[in-house]
Amino acid sequence: MPVPRARLVGRARELGELTAALDDVRSGANRTIVIAGEAGIGKTRLLDELTSRADGVTVVTGQCADEGSGPLPYAALAGLLHGIVRAVGPDTVVAAAGPAAGALSAVAPQLVAPASDAGADRIPEVLTDLLTGLAAERPVVVVMEDLHWSDDVTRAVALRLARTAPPGLFLLLAYRSDEVGRAHPLRTVMAELDRARLTTRLDLIRLGAAEVREMAQDLLDAGLDSESLADLADRSEGVPFYVEELVGFLGTDLPDSLRDILLLRYWNLSREAQALCRVVAAAGPRVWYDVLDDVLADPSTSSGRRPSTGSGQRAVPNVGAEPEETVREAVEAQVLVVTDVGYAFRHALVQEAVYAELLPGERRRLHAAYAQALEQALSRRARSVAKLSRIADHWWRAGILDKALAAAVVGHQAAAAGAASSTAVTLGERALELWEQVPDAEAVAGLPHHELLRTVAESLRGSTRTARALAVAHEAIAEWPDDDPTGLAGMLSDAALIAGHAGSDEGPELIERALALVEPGRDDAVRGQLLILQARHAMLNGRPREAIEAATAAHDTGSAIGSGEIVSVALNLRGVSRVQLGDTGGFAEIDAGREAAGDTWQGLSRYYINGSDVWLLVGDWAHAAEIAQEGVGAARRYGSSEGSRIMIEGNLAEAWIGRGDWAEAAAWYERTVPPIHDSVYSVYLSDRRAWLMMWQGQVEQAQAEARRRAVSWERFGRLEEQIRSRTSATLAELALLRDEPAEALERMSVVVAPDHVRIPAYDLPQLAVAALAIARLRAAGRDVDEAPYRAALAECAHWPTFPRWSALFEAELGTGPWTTVADLPGAGPVHLRPYALYREGARLLNVGDRAGARSTLGSAVAEAEKIGAGLIVQRAQRLLDRAGLTGQGEGRHPAEGPDSGLDTLTAREQQVLALVAEGLTNGQIAERLFISAKTSSVHVSAILRKLGVATRTEAALRARAPR
C-alpha cells in the first residue's frame, strides 16, 4: 500500500525558525541549529521541508548509521563529501584540499588513493575547509542526521563546523533524543555546544489530538469520526511516523504495540517479499545492489561463496525465483526504498523491527553471507574503514569466531590509521575479548597479543579514554617478551606518554625503566626518542637543569645517528629550559632547532609551540604572535594533529591578551575550549579562558569555570609546573575576589617552599598575587611575614619583566607608588597599566584629592575599556559613582576629548568600524579581516558600547563625523 504524503503538521513554529535562520544565512550570517526528538517524530521531514525551500543554496547532507554494534565509521562524512563533489566536481575538491587531500582517502578511497601517511586525523579540518570554501561562493546548508549513531570523527566535524562556521553556512544537527543516555558521547558534545552558546536547539514534541486529526484527514482526503480519531491518536501516541503507518489500516484490527505497527506493511507482503526484507535488514541501514545480489545467489551456482551451515540449510531464505520482482513488491509497498547505490528501509525504525523478526540461526547465516559478499566486494571497490568495520561486525554476529578475530584486527588497524578512534577502540576491544576463544589466536590475528594490547592502548588514548588506555598499556608491559627489550622500551615510552595524558605521575619512572633497556649502542633511534621524552617531562615539571642534561644526551645521540628530528627537538627543549633559568642563550638554540628540523613536523611543531611560548614568557607579544601565526599556517600544510594546532593557536590567543586584543582572544576561547575533552590541552586553555573572563568582569562565570575544572587543574598541575603556577594564580585571584585572602596566600606559598625551583617567568605573577593577599590579611589584622616572598622576588631580578612585576609587588604592599607600575616602560601584560591607574585613583580619593582621583580613575576607565578589562571598569566606575565624580561628564578623562568615544577603540575595532561605515555585514567584515563572524560580532558590540550608541547606523555616522 503506497504511503501518502501529508502536509507538515504541528511544526509551524519550528519551520518558521528554520526559515528565518536560512534567510539570515542568505544575508551573510552563520547559524547552527540542533533538532532533537524521539524516533519517528519528524526530524527528517522537517529538514526536507526546509531544504525544499533552499533555492539558490547548496545543500549537502550526511546521515550517520548503526551497524549493530556501533557507529558505521564516516557514514555521514561520506555523504557530506559526496555532496561537495557533486557541487564542484572531484578535481576541484582534491585541488582545494591541497596537501591535505590524502586525509579524504579514509572517507572516500575512490576519490583519493589511500596512502600510509594520509593524515586521517585531519579529516575534520579538511572537510571544514572545503565547506568554508563552498560557503564563500554561495550559501551552504550542511545537514548531519542521526548523530546518535555518530562516530568520534563525525562528532569532531560537527564540533569544528559549529565552532568555526563561516558566513553563509547553516549547520543543522539532528539526533534521536531518546537514544542519547547519560553516558552517550554525544551528550557531552551537545552540552559543550550549549554552554558555549554556539547553537539554537529545537526539541520536537508529539502531536496533539487536533494535529493528529489534521494529519489523518490530509492522508485520507476524507473525514474522520471521533472514535477512529481517538483510536488513531491513542495507538500512534502522537508520533507522526506512526500516524502515517496506521492511517491506511483504519477500520481493521490494529495492533497495540508500536513495534507491531511498524510491521503492518511487512506483514501484508508475500512470504518471499518478507524473506527479502529480512535479508536486507541483516545488512544494516542499507545494502549495495551487487552485494545483495551476491547474498541472494543460490549456493549451488556459486561454489564456495556461501559459508557452510553444517546442516544443509540455505544460507539465505527463499526469496522466490525472480528476486527483482520480489524487490519490486517490497518497494511498491514502501517497506523498502531505492537509493543511488542500493536499497534501504523507508525508516530506520522499520529496519530495526524487521531485523528483530529474524530467527537466531537465520540471523547468523545471513551475517556470514554478508561478510563473504563484502569481502568479495573489496576486489571491486577501494578498501575503507567503513567496509572493513562492516565485515568484522558481520563475522562477529555470525558467530564464526576465527574469522571475527581476524577481521576485527584488520578493521582495528585500519580504523586506527584512519583516525576513527571509536571504531578502533570497539574493534580492538572485541579482538581482545575473542582472543581467548580462538585456538591459535596469534596465527589467526597475524600479530602477538602484546602488540594488539599496544595498539588498543594507543586507540584508547586517542579517544581520550586515558584511564583505560593506561590499564591496557600496563597489560602490554606485563606480557612483553623478555627477548625483545627494544620493543618493551617502546611500549614503556607509549605508557609514559599515556600516563601524562591521564594525569598520572608514573611517566618518569617508566622512561627510566625504558632507558635501562636500550643502553647506548643498542638502538640509538629508540634511545634518542626516550631521552627527548625524559627531557620534556623534566622541563614541564619545573626541573630545567635535569631537562638540559637529558636534552644534551638526546642531542648527542641524534647527532651520532644523523637524526635531524631528534637533534631539532633536543635543541628546542634545551633552549626552552635555558630560557626558563634566565639564560637568554636559549633563544638561539630554539632557532637552531628550527633549522635542524628541516621538513619534519615533529621538530617544527616544537618550534612553533615552545618558540612562541618563550617569547610570551618574556612579554614580547609581537614576536610570540609572529611565530604562532606562522605556525598556524604550517600546521595546515603539514597536517598536524588537533592537539598541536590548538596549542599553537592558544599561544596566539595569549599574545592577543598580552597586547590588548581581548575581544579576539575571548571569541577564540569561546569557540575552542568547550568541546575539548578533559586533557592537558583543555587544562592549558580553560585556565587562560577563566582568567580572561575574570578580568573582563565576568567574575561569576569565571568562578563557575574554575570550580568545574578544579579537579582536572590540580591533577595535571602535579605534572607540569606551568599548569600548576598558572592555575594556582588564577584560583588565588578568584579567592581574593571572594574576599578569601588566606586561601589565596596558601595557594601562592609554594613559590617560597624550600624545594621550589625558581623559574621567574612563572613565579613573578604569583609573587604579585601573594603581595596583594598579604596586604589584605594585614588590613584584616593578621600579622604576615613578607620576608620569604621578598627573597624569592630578589632571585628573579635578572628576568626581563622583573621591573614591572617588582613595582607591582611593592605597590600591592604599600611600599611603592602605583604611578611607577602605570608609567614604567617595558614588558608586561597590558592590563597592568589601567589596573595601576585604578589603584592610584583609589589612593588619591582616600587622601582627599578629588580632582586627581577623578582624572586618574577616568583614565583607568578609558584605558580598561580599550582592551575590554571590565573588572577594572566596574571597580573604577563604582568609585567615581560613590564619590559623586561622574556627574556632568566628570567621569571622562580630559585627554579623551569630546564625547566621540573614537579614541577608546582598539586598532582592530577601528578597522571594524570603518567597514561598518561602508555598510558591510558582520559576515562580510569577518571575511574581509580573516576573522570569524562571531569575533566580528563581538567587536561590533564592543564598538556600540564604547561609542554609547544603539545601532550600527549611529556608529557609522560617528565614524564619518569630522574629528
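Rule-based calculations on the coordinates, nothing more; no lab input. As the structure is a prediction and not an experimental result, all values here were calculated from the model. Every residue, glycine among them, receives a Cβ derived from its backbone with ideal geometry; neighbour counts consider all protein chains shown.
Quick rundown of the values:
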read-out: Of all DSSP beta bridges in the chain, antiparallel share, percent nearest 5; value: 25
read-out: Total lysine pairs under 24 Å (Cα atoms) in the chain, excluding pairs fewer than 8 apart on one chain; value: 4
read-out: Dipole of the chain, positive end: most advanced residue of Ser52, Ala321, Leu719 [Cβ charges, Cα centre]; value: Ser52
read-out: In range of the label at Ala780: residues from segment 701-723 whose backbone nitrogen is under 16 Å from the point 7 Å along Cα→Cβ; value: none
read-out: Neighbour net charge for Trp621 - beta-carbon separation under 10 angstrom, K R +1, D E -1; value: -3
read-out: Cα gyration tensor category, rounded, prolate or oblate, for segment 605-702 with a/c compared to 1.5; value: oblate
read-out: Per-residue [θ]222 nm for the chain (sum of -39500 (n - 2.57) over DSSP H runs n ≥ 4, rounded to 500); value: -20000 deg cm²/dmol
read-out: Calculated FRET value between Val338 and Leu824, using beta carbons and R₀ = 51 Å, to 0.05; value: 0.10
read-out: Phi to ³J(HN,Hα) by Karplus 6.51 cos²θ - 1.76 cosθ + 1.60 over segment 149-158, Hz, x for Gly, Pro; value: 9, 7, 8, 5, 5, 5, 5, 5, 5, 4
read-out: Residues listed by number, segment 604-620, amide nitrogen under 20 Å from Arg637 label point at 7 Å toward C-beta; value: 604-613
read-out: Cα centroid of segment 565-622 to Cα centroid of segment 349-391, whole Å; value: 52
read-out: Cβ-based net charge around Leu692, under 13 Å, with every Lys or Arg adding one and every Asp or Glu removing one; value: -4
read-out: Label point distance in nm, Arg945-Asp55, each placed 7 Å from Cα along Cα→Cβ; value: 4.2
read-out: Cα-projected label distance for Tyr289 with Asp225, points at 7 Å along beta-carbon direction, nm; value: 4.8
read-out: Amide H partners (placed H, <5 Å) of Leu202, local residues excluded; value: Val34, Ile35, Ala36
read-out: Extended-chain gain in nm, criterion 0.36 nm per residue less alpha-carbon gap, Leu581 and Ala321; value: 85.3 nm
read-out: Inter-label distance, nm, simple model (7 Å from Cα along the C-beta direction), Ala382/Asp483; value: 4.2
read-out: Correct choice for volume of the Cα convex hull per residue in Å³ that was computed from the model, options [x] 197; [y] 165; [z] 177; value: [x]
read-out: Point-charge dipole on Cβ atoms (K/R +1, D/E -1) for the chain, about Cα centre, debye to 20; value: 2240
read-out: Added length on full extension, which subtracts the Cα-Cα distance from 0.36 nm per residue, Asp599 to Gln910; value: 108.0 nm
read-out: Low-density loop positions, trypsin sites (Lys or Arg not before Pro), segment 672-763 - DSSP coil, at most 14 other Cβ in 10 Å; value: Arg718, Arg738
read-out: Full-stretch length increase - Arg182, Leu737 - with 0.36 nm per residue and alpha-carbon distance subtracted; value: 196.3 nm
read-out: Cα gyration tensor category, rounded, prolate or oblate, for segment 27-80 with a/c compared to 1.5; value: prolate
read-out: Qualifying GluC sites (Glu not before Pro) for segment 314-378 [loop in DSSP, other Cβ within 10 Å: at most 16]; value: Glu357
read-out: Between 0 and 90°, nearest 10: helix 621-638 axis offset from the chain longest Cα axis; value: 20
read-out: For Val141, net neighbour charge (Lys/Arg +1, Asp/Glu -1) across residues whose Cβ lies under 13 Å away; value: -2
read-out: Between 0 and 90°, nearest 10: helix 933-947 axis offset from the chain longest Cα axis; value: 40
read-out: Folded to 0 to 90 degrees: helix 907-917 orientation relative to the chain principal axis, Cα; value: 60
read-out: Anisotropy class of segment 12-203 from Cα gyration tensor, a/c 1.5 cut; value: oblate
